[in-house]
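Novice: So that we are looking at the same thing, I have put the structure below in structure tokens.
Nothing in this text is a laboratory measurement; each read-out follows from the coordinates by a stated rule. Not measured: the values here are computed from a predicted model. With ideal geometry, Cβ positions are generated from the backbone for all residues, glycine too; neighbour counts draw on all protein chains shown.
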Amino acid sequence: MWLLVPAIATWEVAAHSWIRARVPSDADWARAAAFVRAELAPEDAVTAAPAWADPILRRHLGDRIPLAMAGRSDLARYRRLWTLSIRGHRAPETRGSAPSLQRAFGRVTVVRHDLPDPTVRYDLVQHVFDAQVEHGKRARPCPLRTGSPGRGGGLGKGVVAPGKRFVCNDRSRRGFVAPVVLEDLALSPRYCVFQPPARRGPTRVTFPSVPLADELVFYAGLYYEDERHRKGAPVNMRVLLDGQERGSLTHRDGDGWVRFAVSTAGPRRAELTLEVDSSHPKKRGFCWAGSVRSHSP
Amino acid sequence: MNAHLRGLSPTWWDHLVGLALLSAYTAVLLVTVDSLGLARDESIYVHAADSYLGWYERLVQEPSEALSPGVIARHFRVNREHPALIKTLFGLAHKLDETFVLFPSPSTGYRLVGMVCSGGLLWLLYIMGVRYGGRHVGLFAALAYALLPRPFYHAHLNCFDVPITLAVTLVVQAYLRALGSRRWAIYCGLLFGLALATKHNSWILPGIFAIHFGFVIVQRRRARRVDPAVAQVSATPWWLLSMLLLGLPVLVATWPWLWHDSLERFGWYARFHWQHEYYNMAYFGVNHFRPPFPISYPWVMTLFTVPITTTVLALAGMLGDLRLLWSRLWRPAICPDPTYPFVLYLGALFAPLVLISLPDQPIFGGTKHWMTAYPFMCLFSGVGFARFLAFLRGRFAVLEGGRAGSAVTAVILAGLLLPAVLETSHSHPFGLSHYGVAVGGVPGAADLGMNRQFWGYTTGSLVDYLNARLPGGGRVYVCDTTTGAFRMLAEDGLVRPDIQPTHDISRADLALVHHEHHFAEVDFQIWALYGTVQPSKVLRYDGVPIISVYANPSSRRVRR
């Protein structure tokens, strides 16, 4: 038994050296990133595996990663997914599918997966400034303003108001509607339209003319700190097409970032209204991402 | 207690070895301290230290005014969550540094007390080891403690965690000796008072002692039945009396805040810790922010952060002594030490770990919350080492004595401490981010979603970058680093004074994000405000992101 002691010490020294030797160098990351940069097409997405390496990926390729990609809800808009992988990790989104390309750059491996053809036809987050926004029982308009972004930031502050936003309540830090990057219940980034319920009555976002296809797909959730205590009132989101309710979501604390779809049965244009309310709207930092999609590419 | 090991009464030579350990370790800490930026809590204690020392200065100049309730309240209201003794010493050490210009950085003056306490702990541990099982036990225990990566980080700081570890270990040893000496009972009470005046970890000591004392008294009765003449310990708990009569007055005497409205203020202090708020701590991918917290937390974190060889030797030492205890439980009269130090040390080791395992106990402090357990763990590592030597001696005659024997023993000691040397030297200056090989190192811990840091102390590793990117000055969003801690970087001459901290992302020229799970929202706030997800730098430790730095695209001050 005692002979195990020097054996363990020797193993510990060897393991320490082995762990350090496996750390990818900056040059490995740079070479892998340069390769991906040269190959990257407009409808390609890039990710890092494991997720904790994401800041290093963004350091090298961040200029090719828009907010919508960094905070994506799914891969429906992309044709290919590039993964910069270390330590043998694979992106969870590619589990079960074979890569179409794999190439090692030192300790960093570039893996490419071909995805099903994109089904997204119209992105509601991208077009939110085409919409009209109103709030409260009396449907007061929330004017679109471009100015200074919100001050501060930091832990527990949630989203910070961007410079361009619909202003519903000047006195509230959260009294606006605009695209933001939200921290969801899983602490993941979500590029979405921040649309908290108003103090009295709902907040409405109305797109006057949306080119519909087979379905509207939404993802929605609340800011992490609003949801994590699981004490808040449910938030309701109603989807109306030309004034008729076609679907709804009741989001309860603990649900996290959830998907729901509304069938729209074929191409046509319609007025789309998204109405968000809650019986107790305090600390209900609700956010949604949505798109018009077809079943077939 | 040991078949192979025999404790010794320490000689002046042993105390010389202890003094050498103190001096060498303090010197190492002084050499390595400059690369550590001030941690969040340190900046608060600097503020408190200045305020408390200000009161003592006033006490010398205007005693009657200084003693008025209002003046005391003004000076001691700052950080009344913790007693004043150690912060006062921080302030005093800083004053000495200011007067005699001892160190190049002002922060080192504040930190000196913690560093000397760390060195003192090695001295104490060596002497305890000598008493318990001989010089090999003492030496290995002291060195094993010095080479624990996370305590090595804490050893540099002006915080209470190292002083309370020293104080608790000291009180444990004083209590042990108080079982057979009334003089030591008095020391025990006084030292307990100092421990109370250091940090509330000391509150658990009477509980540990009561259990141990109960065990000792039961054994005493059984031993007397066998042999009434056997050496005994006193059945009167003089130590308890002393702790009550001397401990509390020492706490009050060193904490002027308690001199007025005493009950109300002490009640507030006790309630603050009894009902402490919960902060975030990532553990296996989950961000824990409220109870119930995982019971496994202190055990797993100990396994992941203490060098494995040290842990294995501690387990070997502990199990060996446990076996001896078990065999002697049924023959109490022949026990060579009726104070049963093994039982006491075992209690002192496990009590903090068990306490933090309770699901409602906050875990936000990481391993520092049970750091008082580590000296005892290392003591058992020393026992394991001595047992290993005894095993080798039975097989290799060269180890039996003489110069050759000593040389081989030294080589074995160095060999068994080598993993700890490598881990600890590699952990600096990222001590709180460090994980050992049990979890696959820092990247392995990141894979499992373990906490990567807290207190925002890693900003100190970015000073060269900040100076280079803001040649004409500017503002830095400092995320988890306090403005006080950042300003101390400037006072220490590490960051240029024209680079100022801010908590406003949109007005900052550079924005930092300390990578902890729950700080993800700050990353996302910066993305949205700066319109980019691309950091200008990612500070890494073993390839794992520690801090991301973003350059505000609207800033004209950032050198691109």
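Novice: Nearest 10 degrees is fine. How inclined is helix B:308-329 to the longest principal axis of chain B, computing both from alpha carbons?
Specialist: Approximately 30 degrees, to the nearest 10.
Novice: So how do B:250-256, A:61-67 stack up, highest first, on mean other-Cβ count within 10 Å?
Specialist: Result, highest mean first: B:250-256, A:61-67.
Novice: Determine the sum of side-chain charges near A:Leu75: Lys and Arg each +1, Asp and Glu each -1, restricted to other residues whose C-beta is under 15 angstrom from that of A:Leu75.
Specialist: That sum, taken over residues with Cβ under 15 Å, equals +3.
Novice: Could I ask something else about it? Which entries of B:Lys95/B:Lys537; B:Lys95/B:Lys199; A:Lys157/B:Lys87 have Cα-Cα distances beyond 30 Å here?
Specialist: Violating the 30 Å limit, Cα to Cα: B:Lys95/B:Lys537; A:Lys157/B:Lys87.
Novice: So, one more: Quote the convex hull volume per residue of chain B, based on C-alpha atoms, as a whole number of Å³.
Specialist: Taking only Cα atoms, chain B has a hull volume of 170 Å³ per residue.
Novice: Return the loop-located trypsin sites (Lys or Arg not before Pro) in the range A:124-226 (DSSP other than H, G, I, E, B) with at most 16 other Cβ atoms within 10 Å of their own Cβ; answer none if there are none. Mind showing how you got there, number by number?
Specialist: On the way: sites: A:Lys137, A:Arg138, A:Arg145, A:Arg151, A:Lys157, A:Lys164, A:Arg165, A:Arg171, A:Arg173, A:Arg174, A:Arg190, A:Arg199, A:Arg200, A:Arg204; in loops: A:Lys137, A:Arg138, A:Arg151, A:Lys157, A:Arg171, A:Arg173, A:Arg174, A:Arg199, A:Arg200.
Sparse-neighbourhood loop trypsin sites (Lys or Arg not before Pro): A:Lys137, A:Arg138, A:Arg151, A:Arg171, A:Arg173, A:Arg199, A:Arg200.
Novice: Can you tell me the equivalent ellipsoid semi-axes for the protein assembly as shown? Use √(5λ) from the Cα gyration tensor, largest first, whole Å.
Specialist: Value: 56, 32, 26 Å, ordered largest first.
Novice: Of the listed peptides B:137-149, B:47-59, what is their order by residue-averaged count of other C-beta atoms within 10 Å, with the highest listed first? Intermediate results must be reported in sequence, preceding the final value.
Specialist: On the way: B:137-149: 28.5, B:47-59: 19.2.
Top of the packing list down: B:137-149, B:47-59.
Novice: Taking every residue in A:88-100, how many Cβ atoms of other protein chains lie within 10 Å of its Cβ, on average?
Specialist: Values: counts 0, 1, 0, 0, 0, 0, 0, 0, 0, 0, 0, 0, 0.
Average per residue, whole number: 0.
Novice: Taking the DSSP beta bridges in the range B:457-551 as the whole, what percent of them are antiparallel, to the nearest 5?
Specialist: Counting DSSP beta bridges with both partners in the range B:457-551, the antiparallel share is about 60 percent.
Novice: Give the Rg (one decimal place) followed by the Dmax (whole number) of the range A:4-114, computed from C-alpha coordinates and expressed in Å.
Specialist: Just the Cα atoms of the range A:4-114 yield Rg and Dmax of 16.5, 57 Å.
Novice: Treating only the Cβ atoms of Lys and Arg (+1) and Asp and Glu (-1) as charged, compute the dipole magnitude of the range A:65-160 about its Cα centre; round to the nearest 20 debye.
Specialist: Taking the Cα centre of the range A:65-160 as origin, the dipole is about 320 debye.
Novice: Any idea what diffusion coefficient the range B:260-393 gets from Stokes-Einstein, in µm²/s, Kirkwood Rh on alpha carbon pairs, 20 °C, 1.002 mPa s? Each step should come with its number before you reach the end.
Specialist: Working: Rh = 17.3 Å.
Estimated via Stokes-Einstein, D reaches 124 µm²/s.
Novice: Under the definition of partner shielding as Cβ atoms of other protein chains within 10 Å of a residue Cβ, what is the mean value for peptide A:11-18?
Specialist: 6
Novice: In the calculated pair distance distribution of the range A:120-293, what percentage of Cα-Cα distances lie above 22 Å?
Specialist: Working: 5772 of 15051 pairs.
In whole percent, the share of Cα-Cα pairs in the range A:120-293 beyond 22 Å is 38.
Novice: A further question follows. Per DSSP H run of n ≥ 4, the term is -39500 (n - 2.57); total these for chain A, divide by its residue number, and report the mean residue ellipticity at 222 nm rounded to 500 deg cm²/dmol.
Specialist: After summing the helix terms and dividing by residue count, I get -4500 deg cm²/dmol.
Novice: Quickly estimate the mean residue ellipticity at 222 nm for chain B, helices only: each DSSP H run with n ≥ 4 gives -39500 (n - 2.57), and the total goes over all residues, rounded to 500.
Specialist: -19000 deg cm²/dmol
Novice: Check the cysteines of the protein assembly as shown one by one and keep only those with no other cysteine Cβ under 4.7 Å from their own.
Specialist: Lone cysteines by the Cβ rule: B:Cys117, B:Cys159, B:Cys188, B:Cys335, B:Cys378, B:Cys479.
Novice: Something else now. What does the charge add up to near B:Pro341, with Lys and Arg as +1, Asp and Glu as -1, over the other residues with Cβ less than 14 Å from its Cβ? Intermediate results must be reported in sequence, preceding the final value.
Specialist: Values: positive: B:Arg6, B:Arg131, B:Arg177, B:Arg328; negative: B:Asp321, B:Asp337.
Within the 14 Å Cβ shell, the charges total +2.
Novice: Residue by residue through the range B:247-255, what is 3J(HN,Hα) from phi via Karplus (6.51 cos²θ - 1.76 cosθ + 1.60, θ = phi - 60°)? Round to whole Hz and write x for glycine and proline.
Specialist: Residue by residue, the range B:247-255 yields x, 5, x, 5, 4, 5, 4, 8, 10 Hz.
Novice: Report the percentage of all Cα-Cα pairs in the range B:332-452 whose separation exceeds 17 Å, rounded to a whole percent.
Specialist: Here the long-distance tail beyond 17 Å is 72 percent of all Cα pairs in the range B:332-452.
Novice: Taking the Cα atoms only, what angle lies between the long axis of helix B:205-226 and the longest principal axis of chain B, rounded to 10 degrees?
Specialist: Taking the Cα atoms of chain B, the angle to B:205-226 is about 10 degrees.
Novice: Okay, moving on. Enter the mean number of other protein chain beta carbons within 10 Å of the beta carbon of each residue in B:435-441, as an integer.
Specialist: Whole-number average of other-chain Cβ neighbours for B:435-441 is 4.
Novice: Could I ask something else about it? Quick check on the range B:447-527: what does the Kirkwood estimate of hydrodynamic radius come out to from the alpha carbon pairs, in Å?
Specialist: 13.1
Novice: Could you give the spread of the C-alpha atoms of the range B:77-117 along their three principal axes, from largest to smallest, in whole angstroms?
Specialist: 31, 20, 13
Novice: For the range A:4-114, what's the relative contact order in percent, using C-alpha pairs closer than 8 Å and at least 6 residues apart?
Specialist: Value for the range A:4-114: 31 percent.
Novice: What does the C-alpha gyration tensor say about the overall shape of the range B:227-309? Classify as rounded when a/c is under 1.5, otherwise prolate if a/b is larger than b/c, or oblate. Can you show the working numbers first?
Specialist: Numbers: a/c = 3.15, a/b = 1.25, b/c = 2.52.
It comes out oblate by the Cα gyration axes.
Novice: Run the reach check for A:Lys231 against lysines, Cα to Cα strictly under 17 Å, same-chain hits fewer than 8 apart removed. What comes back?
Specialist: Straight-line reach from A:Lys231, under 17 Å: A:Lys282, A:Lys283.
Novice: What base-10 log of the normalised intensity I(q)/I(0) is obtained for the range A:200-273 from the Debye formula, alpha carbons as equal point scatterers, at q = 0.17, 0.24, 0.25, 0.27 Å⁻¹?
Specialist: The computed values of log10 I(q)/I(0) come out as -0.70, -1.10, -1.15, -1.25.
Novice: Another question, if that's okay. With 14 Å as the cut-off, how large is the P(r) tail for the range A:72-121, expressed as percent of Cα-Cα pairs?
Specialist: 51
Novice: In chain B, what percentage of the DSSP-assigned beta bridges are antiparallel, given to the nearest 5?
Specialist: So the antiparallel bridges amount to about 70 percent of the total.
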